[in-house]
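Q: Take this structure, written in structure tokens, and hold onto it; I'll ask about it next.
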Amino acid sequence: MGLYICGSTVYGPPHIGHGRFSLVYDVLRRYLEYSGIVVDHVSNVTDIDDKISLGERGAPTAGGDRGSVRGRMVGRDGTLGCLLPTQVPHATAFIEEMVELVAGLVARDCAYETVDGVYFAVATVDDYGLLAHQSLASLRSGARVEVNENKRSPLDFALWKKAKPAEPWWASPWGPDGPAGTQSALSCR
């Protein structure tokens, strides 16, 4: 069984919230393995984030140097007595794949470019909000994220951000910019 856990965004020291999710999924994994199920436990490390970039970096660089940030959370689960994930991919190791994914969404009109980034168009997903039992009509603009006038809909979310001074950047069809943290792409029409 595959068990994918969205891992830490490593912009600061570990805290109780990191421990909670580690323990919850450790219990689940141990139960599944006890039941005879082989588990491939993957927990990513989001080592691309504005807080990381602006808090620890100077001038922007192609690809961004993440060495000190990358290793910060590795081994955290073992310290708590949790089983370590079988795989711990870092976001910075998959930039090329992210660019391809976002470009594919743009080509299918599921995403669009603005002056500040590339956004996913939530209206292109017929059942967006299904897991939360919410329709697009019931979601409120500005409830979680500041309203951005450049977006087609206030509900659309960033997939790729235009680079700002002092942020690391990567080459892309949209210029020297970077992935938008932990956001993921959904199936669209």
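The values are calculated or read from the model by the stated rules, or taken from the named source; none is laboratory data. Here the structure is a predicted model, which means the values were calculated and not measured. We work out accessible area using only protein heavy atoms, side chains counted, and drop any ligands, DNA or RNA first. Shrake-Rupley method; radii C 1.70, N 1.55, O 1.52, S 1.80 Å.
Q: Keeping every protein chain in place, order HIS133, HIS15, HIS90, HIS41 by accessible area at 1.4 Å, biggest value first, i.e. largest first.
A: HIS133, HIS15, HIS90, HIS41
Q: Another question, if that's okay. So how much accessible area does PHE94 have, in Å² to the nearest 10, using a 1.4 Å probe?
A: Roughly 90 Å² of PHE94 is accessible to a 1.4 Å probe.
Q: With a 1.4 Å probe and all protein chains kept in place, how much accessible area does ARG108 have, in Å² rounded to the nearest 10?
A: We get 120 Å² for ARG108.
Q: Taking H as built 1.01 Å from N, whose amide H comes closer than 5 Å to the amide H of ASP177, not counting residues under 5 places away?
A: Result for ASP177 returns ALA163, TRP170, SER172.
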